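The values are calculated or read from the model by the stated rules, or taken from the named source; none is laboratory data. Worth saying up front: this structure is predicted, and the values here are computed from it rather than measured. Every residue, glycine among them, receives a Cβ derived from its backbone with ideal geometry; neighbour counts consider all protein chains shown. Ligands, DNA and RNA are stripped out before the accessible areas are found, and what is left, the full protein with its side chains, is counted by its heavy atoms. Shrake-Rupley method; radii C 1.70, N 1.55, O 1.52, S 1.80 Å.
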Amino acid sequence: MKIKDAKKRSFPWFGMDIGGTLVKLVYFEPVDVTAEEEQEEVECLKSIRKYLTSNVAYGSTGIRDTHLELKDLTLLGRRGNLHFIRFPTHDMATFIQMGHDKNFSTLHTVLCATGGGAYKFEEDFRTIGNLQLHKLDELDCLVKGLMYMNSPSFNSQAECYYFENALDPERCCKTRYDLQDPYPLLVVNIGSGVSILAVYSKDHYKRVAGTSLGGGTFLGLCSLLTGCDSFDEALELASKGDSAHADKLVQDIYGGDYDRFDLPGWAVASSFGNMIHKEKREAVSREDLARATLVTVTNNIGWIAKMSAVNENINRVVFVGNFLRVNTLSMKLLAYALEYWSHGQMKALFLEHEGYFGAVGALLELLNYT
């Protein structure tokens with residue numbers, strides 16, 4: 001099936017990105033259904049559509065991000081609304097069982113999925129849900145989804161932005177950025193871990209770096225150090241803490257700036273370096289530990305991104321992935337750090353649908369699928 005024949009593709013249209021921590025699902029809800037199509041539509045599909053579009057929460061952990069919904073857009077010849085849904089990967093069994101209970105396998109459709117979970121859970125989809133997955137490369141889907149959603153032909157709303165005066169609470173502001181001529185671009189995808197891609201065109205990109213210290217690291221360490229139970233709780237703690245109570249700063253060693261190498265006194269010399277002292281361990285709070293964990297992971301990602309950009313001679317860096325969801329603390333840290341350490345030569349960019357590009361790429365592949 002070619003993209004131009006997408007009008008003939010049977011509904012429902014889904015794209016899934018099954019990550020190590022979160023599952024991201026995009027669902028296209030057609031609003032131009034003809035009377036003939038509505039008459040032919042089976043009860044199973046009507047039930048699924050009603051369930052997905054009439055709820056903002058599914059079970060105890062599934063969430064539809066209503067603020068990200070794109071309404072009345074045209075996707076390859078059909079007019080409709082695009083919904084964005086997420087739930088923890090550890091609840092995948094519940095999702096598959098729901099598909100079984102709602103007789104999803106009776107529909108003439110294909111499930112296109114990307115991410116490591118497309119392989120990990122393939123057998124469960126087949127045996128429990130009687131569903132076949134069409135597995136897709138996650139980095140192909142990421143690039144395809146990102147570039148498609150950023151194109152003006154897809155979405156008239158601005159997708160890209162950056163932070164001016166990132167660490168100044170009174171002057172910091174979110175500013176739109178024109179990314180219509182995006183190449184070359186460094187894409188830093190922050191999920192459980194981190195992959196960094198140099199993108200030279202829609203068909204030419206390569207993975208240039210990565211690190212195992214990502215969003216999963218932040219949540220895992222926060223859970224150990226603070227006893228928190230969720231990503232949102234970890235971020236809430238971090239927002240109230242002071243990482244300097246746990247970290248050893250340059251000024252703790254030099255009494256101020258280290259001028260010879262242009263190191264400001266506030267820079268972190270040793271993450272959690274103050275925790276070698278018993279009295280400081282006893283004084284540090286859960287909030288301080290959460291903030292120090294966030295700063296440690298974010299600084300590491302920022303520095304690797306900066307060096308990758310230097311190596312590839314790219315000065316625009318876009319950060320995506322669910323680590324950044326409702327995480328303006330990390331976004332502002334990345335924005336400031338990249339501008340500071342590059343002496344203003346690099347800019348940290350962000351996108352409104354940061355964690356869903358892989359799922360959008362899978363949806364696009366569904367419409368290409370034969």
Inset, instruction - Could you please find all residues in the stretch 106-126 being modelled with pLDDT of 90 or more and among the hydroxyl-bearing types (Ser, Thr, Tyr)? - result: Thr114, Tyr119
Inset, instruction - Look through the stretch 113-147, keep the residues that are open to solvent by less than 30 Å² (accessible area, probe 1.4 Å) and of a type in the set (Val, Ile, Thr), and return whichever of them is nearest to Gly99 (Cα to Cα). - result: Thr114
Inset, instruction - Quick one: count up the residues across the stretch 218-235 that are of a type outside the set (Gly, Ala, Ser), within 19 Å of Ser330 (Cα to Cα) and not in a helix (DSSP H, G or I). - result: 1
Inset, instruction - For Val250, indicate whether it is free of Cβ contacts under 8 Å to residues at least 40 places away in the same chain, in contact with a strand residue (DSSP E or B) (Cβ under 7 Å, 6 or more places away or on another chain) and surrounded by 19 or more Cβ atoms within 10 Å (Cβ to Cβ). - result: yes
Inset, instruction - Take Val268 and decide whether it is out of contact with any helix residue (DSSP H, G or I) (no Cβ under 6 Å at 6 or more places or on another chain), within 18 Å of Thr298 (Cα to Cα) and surrounded by 20 or more Cβ atoms within 10 Å (Cβ to Cβ). - result: no
Inset, instruction - Spot the failing condition for Asp17; the list is (1) assigned to a helix (DSSP H, G or I); (2) of a type in the set (Asp, Glu); (3) modelled with pLDDT of 90 or more, and only one is missed. - result: (1)
Legend entry - Total residues in the stretch 209-235, condition open to solvent by 50 Å² or more (accessible area, probe 1.4 Å) and closer than 16 Å to Asn322 by Cα: 4
Legend entry - Filter result for Arg281 (out of contact with any strand residue (DSSP E or B) (no Cβ under 8 Å at 6 or more places or on another chain), surrounded by fewer than 23 Cβ atoms within 10 Å (Cβ to Cβ), over 20 Å from Tyr162 (Cα atoms) and not small (Gly, Ala, Ser)): yes
Legend entry - His90 open to solvent by 70 Å² or more (accessible area, probe 1.4 Å) and touching a Leu at 6+ places or on another chain (Cβ under 9 Å): no
Inset, instruction - Kindly indicate the residue of the stretch 236-256 that is touching a Ser or Thr at 6+ places or on another chain (Cβ under 9 Å) and of a type in the set (A, V, I, L, M) and also farthest from Leu324 (Cα to Cα) among those meeting that condition. - result: Ile253
Inset, instruction - Taking only the stretch 339-365 into account, find how many residues are at pLDDT below 90 and either crowded, with 24+ Cβ neighbours inside 10 Å or under 25 Å from Lys202 (Cβ atoms) (or both). - result: 3
Legend entry - Scan of the stretch 148-171 for residues that are open to solvent by less than 30 Å² (accessible area, probe 1.4 Å) and more than 21 Å from Asn81 (Cβ to Cβ), ordered by number: Cys160, Tyr161, Phe163, Ala166
Legend entry - Among (1) open to solvent by 20 Å² or more (accessible area, probe 1.4 Å); (2) in a helix (DSSP H, G or I) - the single one Asp72 does not satisfy: (2)
Inset, instruction - Name the residue, out of Ile96, Ile85, that is in contact with an Asp or Glu (Cβ under 6 Å, 6 or more places away or on another chain) and either crowded, with 17+ Cβ neighbours inside 10 Å or in contact (Cβ under 8 Å) with a residue 12 or more places away in the chain (or both). - result: Ile96
Legend entry - Tabulated pairs, the stretch 275-289, first of a type in the set (Val, Ile, Thr), second open to solvent by less than 100 Å² (accessible area, probe 1.4 Å), C-beta under 6 angstrom, 6+ apart or interchain: Val284/His245; Val284/Ala246
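Within the stretch 262-370, which strands (runs of 3 or more DSSP E) (wholly inside it) include 1 or more residues that are within 27 Å of Asp137 (Cα to Cα)?
Passing ranges, in order: 316-320, 347-351.
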Legend entry - Unmet requirement for Gly256, which otherwise passes all of (1) over 21 Å from Gly227 (Cβ atoms); (2) open to solvent by less than 10 Å² (accessible area, probe 1.4 Å): (2)
Legend entry - Ser195 within 17 Å of the chain's Cα centre (by Cα) and in contact (Cβ under 8 Å) with a residue 12 or more places away in the chain: yes
Inset, instruction - Being out of contact with any Phe, Trp or Tyr (no Cβ under 7 Å at 6 or more places or on another chain) and in a loop (DSSP other than H, G, I, E, B) is the filter; apply it to the stretch 237-247 and report the residue that is surrounded by the most Cβ atoms within 10 Å (Cβ to Cβ). - result: Gly241
